1. Taking residue 642 and the conditions (1) surrounded by 18 or more Cβ atoms within 10 Å (Cβ to Cβ); (2) at pLDDT below 90, which numbered condition does it fall short on, given that it satisfies the others?
2. Could you check, for region 857-867, whether at least one of its residues is surrounded by fewer than 20 Cβ atoms within 10 Å (Cβ to Cβ) and over 27 Å from residue 683 (Cβ atoms)?
3. May I ask you to say which residue of 631, 617 is in contact (Cβ under 8 Å) with a residue 12 or more places away in the chain and surrounded by fewer than 17 Cβ atoms within 10 Å (Cβ to Cβ)?
4. Could you please find all residues in region 796-816 being farther than 19 Å from residue 539 by Cβ and either touching a strand residue (DSSP E or B) at 6+ places or on another chain (Cβ under 9 Å) or in contact (Cβ under 8 Å) with a residue 60 or more places away in the chain (or both)?
5. Select from region 437-449 the residues that are modelled with pLDDT under 90, crowded, with 20+ Cβ neighbours inside 10 Å and in contact with a helix residue (DSSP H, G or I) (Cβ under 6 Å, 6 or more places away or on another chain) and list them in ascending order.
6. Scan the helices (runs of 4 or more DSSP H) fully inside region 413-515 and keep the ones with 2 or more residues being in contact (Cβ under 8 Å) with a residue 40 or more places away in the chain and either within 28 Å of the chain's Cα centre (by Cα) or under 30 Å from residue 851 (Cβ atoms) (or both).
7. Condition first: under 30 Å from residue 551 (Cα atoms) and more than 21 Å from the chain's Cα centre (by Cα). Can you find one or more residues in region 826-849 that meet it?
């Protein structure tokens, strides 16, 4: 017992993956004493963890079916364990079963009990094969690769764990003859311990029954001694290894959260970052300030505030509330930090509605003022907030809703705020700094000095004049079959491959290979839909002359559609990848709804009836310490901001009927849960872009402004709802009070909306020739040009001329029917054969995974998958310890280190070579120059 690993509480570690059929093999018989000792077996971290790397989180319906199947198997095979206690008790009256590792031994001893209960529960995992192993089976509390304790909590789960190890020994006597059999159970406690509040005995827990008659039997000969570490049992954690590697399973409820410095830092960075993003939105090239950059910048600011501000406590007058506050309540903590990130994640990006406002103002001569723009942005930004709160019981509380993006953020935050030095090897914090600096300086090589490393078309260099080879292996306009690129910005263009689960990466790459490396070239080279006359991979529509479609040629002087000019000019043609993208979008629109009903239908119905969707994990249990946000708060928000949108479209006479507005809000209401399920498990959400253009283009034909507002409201509501839910889950992981998250999200979004609209209004009132092609400061509004083209194509030309009866692309509409039936064969097969690999197939992930093409190229998928194969499969399988410690922090470092220099464009770099650093900074930001 001296060499047994110990837990963080000081007790010996117990293997929670104790396998009943192998238990007898673990009994070593001592020939000198008639005593058997149960020895523990070391578990294999890599093999246990790799299993889940291939598999998606099982739904609640699948978990119930698997539990029923395991229960039936336990009855069928109960006779296999009869020989284990053959000399002690008859096997039939006292069957042996093995419960989950969340067993709480102290629940068996109520305060008024005279003796021990007759139920004994061995600490053995009872989890399904396809679900990830428990914490104890993956890594003990002593493991340096799990999340470390941030501090010694004064309350919560940690303070109830004893600091002194105690153990119980169970001696099962083996008499020499069956007539003298007996069983003696001895209990020894060094100190009496309280019950661990996070430990529970679930309804599925099975027990080994030891009756009082058995306990009263004597023993004269040898015994079996089984020792269990009850501290290790009570060390509960998430059932998912990805979450265990990133999220701490302890909490300090008294940690200050809504502090004055948090509001100052958060609002300051959000206002500055949001203003810069609006400014760069009208510029080409357009750098971007990401929420991850806000996390990096807010950390030294928080440390500075904690160092410089006075520690004194102030009391406001009684007539103002009489409450106390402090400018410096203590060290800058992780909960303050995560609230700054939450504020930035929902507020720092450019509002989608601003594009509609600018196009209506410039291209359609629609008069707008500040209040129209501000209220429109607020309504589109915050309607999704109410929708997100209503869905949180489905998308936040269930443990299977992992949200991979949050794991990277949690790892970064825990790394920055870790207070304990990790023993053995480099610490996460130091590793992050090295990787961040390396990514920052390396970017200038493929990004500026040697750009061939970014578009590494080595096969095209060999045969530069071979058109088919360049189309298939090219990077810029080809399908990217060359796979290689040495630019992290290209590799992570669709998201960090170190963040996506391996099973999701396999699904997405299978969809990419099937549809874009096989089907698209076949359609292109057979000239289906006249695709061979246009580029293979492009995101621009073309005319019959092979040039970009000139929308202005089909409009009259008033900006309305001219049928005669359209007939004289040209129909609209789509490149091959663009046509395939529409085909998949039609199929996905019905496939994701049917898949959600089949695989999550029972969970949705239980949630509607307020029945728990899944069993709570440790994080959900710790969140019970905080009052939840009532549903009616979110319902009022949803109704309020929808009514605000009605006021906007009616008061300013936008020609958008109210019934169209109801239809536009119905789309995100229908798709928020299907999109949220996919986003939470794969890291990629579903977009309403296509449906939000085709529906108003068909029902409100010839009205581009109504088409734009319909699209902006529908798309932005779903996008913001997903972002709000993601932040709610992040607060769930970091144990932030839900009401604090509620307030931060509302205030941050409101403040940023008014400031960003003010920046836009100031620019259009004071910047000369803005949005013109020859604007001196490169404020050419590239994003708005794309938005205008889409509004003209779908709002003026209309989808009927593209997909209607007799149109060139009308066969694509059959994909809607195919998508509805696509999940059915896989669902029926897994119902017939529950243990088949088919149950892990997710058809919406296959279809939705390739939604970034175009504008993404093939290299963004091939290089992304190759990198994911190295980190999420090879390293995870062969060195799970390194993967647990460094995978997500590597992703955060590469993303952060690459995003910072990308804000510095070619204009800055070229001036840096000729004028020097300080001069170029001044020129870049303050002096307009000709391009």
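1. Among (1) surrounded by 18 or more Cβ atoms within 10 Å (Cβ to Cβ); (2) at pLDDT below 90, the lone unmet condition for residue 642 is (2).
2. Checked against the condition, which is being surrounded by fewer than 20 Cβ atoms within 10 Å (Cβ to Cβ) and over 27 Å from residue 683 (Cβ atoms), region 857-867 yields no hits at all.
3. Only one candidate passes the filter, namely 631.
4. Result: 796, 798, 800, 801, 813, 815, 816.
5. Residues satisfying the conditions are 443, 446.
6. Correct list: 428-444, 467-473, 488-491, 502-512.
7. The answer is no; no qualifying residue exists.
Here is a yes/no grid of residues against (1) modelled with pLDDT of 85 or more; (2) surrounded by 22 or more Cβ atoms within 10 Å (Cβ to Cβ):
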residue: 476; (1), (2): no, no
residue: 498; (1), (2): yes, yes
residue: 520; (1), (2): yes, yes
residue: 525; (1), (2): yes, no
residue: 568; (1), (2): yes, no
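The values are calculated or read from the model by the stated rules, or taken from the named source; none is laboratory data. Here the structure is a predicted model, which is why all the values come from computation and not from measurement. A quick note on method: Cβ atoms are made from the backbone with ideal geometry, for glycine too, and the neighbour counts reach across all protein chains shown.
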